[in-house]
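A.B. asks: So that we are looking at the same thing, I have put the structure below in C-alpha cells.
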Amino acid sequence: MKVLFIGGTGKISSACSQLAIERGIELYLLNRGQTSERPAPAAAHILTGDIRDPDSAARALGDLTFDAVVNWIAFTPDQIETDIELFRGRTRQYIFISSASAYQKPPISLPITESTPLYNPFWDYSQAKIACEERLVQAYRQEKFPITIVRPSHTYDKTMLPFVGRYTVVDRMRQGKKVIVHGDGTSLWVLTHHRDFAKGFVGLLGNSHAIGEAFHITSDELLTWNQIFEIVAQAAGVEAQMVHIPSAFIAAFDPEWGVNLLGDKSHSVIFDNTKIKRIVPDFTATIPYVQGAREVMAWHDADPGRQVVDDAFDQLQDRIIAAYEAGLPI
C-alpha cells in the first residue's frame, strides 16, 4: 500500500509514520524539509514541497498516485478546497484530521459518539474544523471524493504537557508555588498517547469500510483534572498546590486561555470508541497516563534546554490567583 502523509513528523503523526513503516506501508511524506525534534522514519520517501503553495505541491508529487492521502495540517476550508483539487483522481482515500473539540459544547449527553452534533460556539479553531468537514462531506456526496474524517482528542507524545503553560506549570510545582486548575478540578478528561492513537489510525489506511465515515480515536481511561495535575506532579517528584478557579474568571484575564477552557477542557468528555474498534478490531489503548507522564517528565529532565519557563504566563498565574483569593469580581 502506498500512502502520502502531508506533514508526518508532528506530535500525533510521528507515531503513525513509524507504525505505518513497521507494517510494510510504502510511506511518502510531503513537507518543506524543515528540521523537527521528531525525525521522519529512515524508510520514508521525502517529497519536498509546500502544501500551502499548490504549484510547489504539484511539482513535488509529479504523477504519483496513492492508496491513501492524509493531511495532518489542514485547518481551514480554503486549504481543503486546495486538497480536493490536488488529489481528485490521485487517491483512493483522503483522510482529514479534524478535532474532537468540534463536538457539541457543552455536550448535552455522554458518552460522545461520532453522531454527536458538531457545534462549538466558543472556539474559532473548532468552527473552522467543522466547516472543513462540511465541505468534505459535500464533496463525498456530490462527486464521491473518497473521504475519511478522523477526530483526535487530547493526544500527546513525550514532549507535551497537558495544560496551558506547559513546563511553566511544572516549574511552579517544583518551586512549591500554587498552580491553577480550572473549575473544581472534577470534570472528566481523556488523554491519549500518540502510540495508542497510531494503532487505531493506521488500521484505517486503505480500509474501504472507512470511506465516507468519521471516527474519533481515544483512550478509554477517564481522569479528572485534579488527577491529571497530581499525576504530573508525582512524575515531577513533587506535590501540586492546586487552586481551583472558575474558567470564566480565568477567561476574564486571558481570553486565549479562556477559550481553550470554555470551548473544550472545562467540559467533561467520555468517548465511545465502539466504531473505531469495530472497523479496526486490534485497536486498544494500553498506555495509562501514569506511564505517559513519566515519559514526558523524563524527556524534559533529560535536557535543561527543554525546561522552558514562560515568565509572562508565570506572572499571569500569580495575578489570577491573587485576584481570586482577594475575592475580586470578574
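A.B. asks: Being of a type in the set (A, V, I, L, M, F, W, C), in contact (Cβ under 8 Å) with a residue 40 or more places away in the chain and touching a strand residue (DSSP E or B) at 6+ places or on another chain (Cβ under 7 Å): is that true of Phe229 here? Before you say what the answer is, go through the steps one by one.
C.D. replies: Numbers: of a type in the set (A, V, I, L, M, F, W, C): yes; in contact (Cβ under 8 Å) with a residue 40 or more places away in the chain: yes; touching a strand residue (DSSP E or B) at 6+ places or on another chain (Cβ under 7 Å): yes.
Considered against the rule, which asks whether it is of a type in the set (A, V, I, L, M, F, W, C), in contact (Cβ under 8 Å) with a residue 40 or more places away in the chain and touching a strand residue (DSSP E or B) at 6+ places or on another chain (Cβ under 7 Å), Phe229 comes out as yes.
A.B. asks: Of the residues that sit in segment 301-311 and are surrounded by 11 or more Cβ atoms within 10 Å (Cβ to Cβ) and in a helix (DSSP H, G or I), which one is nearest to the chain's Cα centre (by Cα)?
C.D. replies: Arg306
A.B. asks: Now, a different point. How about segment 105-140: which of its residues are part of a loop (DSSP other than H, G, I, E, B), polar (S, T, N, Q) and within 21 Å of the chain's Cα centre (by Cα)? Can you show your working first?
C.D. replies: Residues of segment 105-140 that are part of a loop (DSSP other than H, G, I, E, B), as a first pass: 105-111, 113-117, 119-123.
This time we only want the ones that are polar (S, T, N, Q), so: 109, 113, 115-116, 120.
Across segment 105-140, the qualifying residues are Thr113, Ser115, Thr116, Asn120.
A.B. asks: In segment 1-18, what count of residues is obtained for those that are surrounded by fewer than 20 Cβ atoms within 10 Å (Cβ to Cβ) and assigned to a helix (DSSP H, G or I)?
C.D. replies: 0
A.B. asks: Of these, Ala298, Ala285, which one is in contact with an Asp or Glu (Cβ under 7 Å, 6 or more places away or on another chain), surrounded by 11 or more Cβ atoms within 10 Å (Cβ to Cβ) and either at pLDDT 95 or above or of a type in the set (D, E, K, R) (or both)? Even if it seems obvious, please write down each step before you answer.
C.D. replies: Details: Ala298 fails: in contact with an Asp or Glu (Cβ under 7 Å, 6 or more places away or on another chain).
The match here is Ala285.
A.B. asks: Now, a different point. When you go through Ile21, Ile108, Ile25 one by one, which is the residue that is aliphatic (A, V, I, L, M) and either under 27 Å from Ser126 (Cβ atoms) or not assigned by TED's automatic domain parsing to the domain that holds Phe197 (or both)? If you could, list the steps in order and put the result at the bottom.
C.D. replies: Numbers: Ile21 fails: either under 27 Å from Ser126 (Cβ atoms) or not assigned by TED's automatic domain parsing to the domain that holds Phe197 (or both); Ile25 fails: either under 27 Å from Ser126 (Cβ atoms) or not assigned by TED's automatic domain parsing to the domain that holds Phe197 (or both).
Answer to the selection: Ile108.
A.B. asks: Among the residues of segment 244-260, write down those that are over 14 Å from Leu328 (Cα atoms) and either among the aromatic types (Phe, Trp, Tyr) or not assigned by TED's automatic domain parsing to the domain that holds Asp318 (or both).
C.D. replies: Across segment 244-260, the qualifying residue is only Trp257.
A.B. asks: Go through (1) modelled with pLDDT of 95 or more; (2) closer than 19 Å to Tyr156 by Cβ; (3) not hydroxyl-bearing (Ser, Thr, Tyr) for Asn260 and report which single condition fails.
C.D. replies: Evaluating Asn260 over (1) modelled with pLDDT of 95 or more; (2) closer than 19 Å to Tyr156 by Cβ; (3) not hydroxyl-bearing (Ser, Thr, Tyr) leaves (1) as the failure.
A.B. asks: If Arg23 satisfies all but one of (1) under 24 Å from His193 (Cβ atoms); (2) under 21 Å from the mean Cα position of the chain (by Cα), what's the number of the condition it fails?
C.D. replies: (2)
A.B. asks: Given the structure, is Ala233 touching a helix residue (DSSP H, G or I) at 6+ places or on another chain (Cβ under 7 Å), modelled with pLDDT of 95 or more and closer than 22 Å to Ile321 by Cα?
C.D. replies: Values: touching a helix residue (DSSP H, G or I) at 6+ places or on another chain (Cβ under 7 Å): yes; modelled with pLDDT of 95 or more: yes; closer than 22 Å to Ile321 by Cα: yes.
Yes.
A.B. asks: In the list Arg151, Arg174, Arg166, which residue meets the criterion of being of a type outside the set (Val, Ile, Thr) and assigned by TED's automatic domain parsing to the domain that holds Phe75? Before you say what the answer is, go through the steps one by one.
C.D. replies: Working: Arg174 fails: assigned by TED's automatic domain parsing to the domain that holds Phe75; Arg166 fails: assigned by TED's automatic domain parsing to the domain that holds Phe75.
It is Arg151.
A.B. asks: When you look at Ala248, is it more than 25 Å from Tyr167 (Cβ to Cβ), in contact with a strand residue (DSSP E or B) (Cβ under 6 Å, 6 or more places away or on another chain) and not acidic (Asp, Glu), yes or no? Don't jump to the end; show me each part of the working.
C.D. replies: On the way: more than 25 Å from Tyr167 (Cβ to Cβ): yes; in contact with a strand residue (DSSP E or B) (Cβ under 6 Å, 6 or more places away or on another chain): no; not acidic (Asp, Glu): yes.
The answer is no for Ala248.
A.B. asks: Scan segment 240-257 residue by residue and report those that are surrounded by fewer than 20 Cβ atoms within 10 Å (Cβ to Cβ) and without any contact (Cβ under 8 Å) to a residue 24 or more places away in the chain.
C.D. replies: Pro255, Glu256
The values are calculated or read from the model by the stated rules, or taken from the named source; none is laboratory data. Only a predicted model underlies this, so the values are computations on that prediction, with no experimental measurement involved. Using ideal geometry, Cβ is built from the backbone for each residue, glycine included, and neighbour counts are taken over all protein chains shown.
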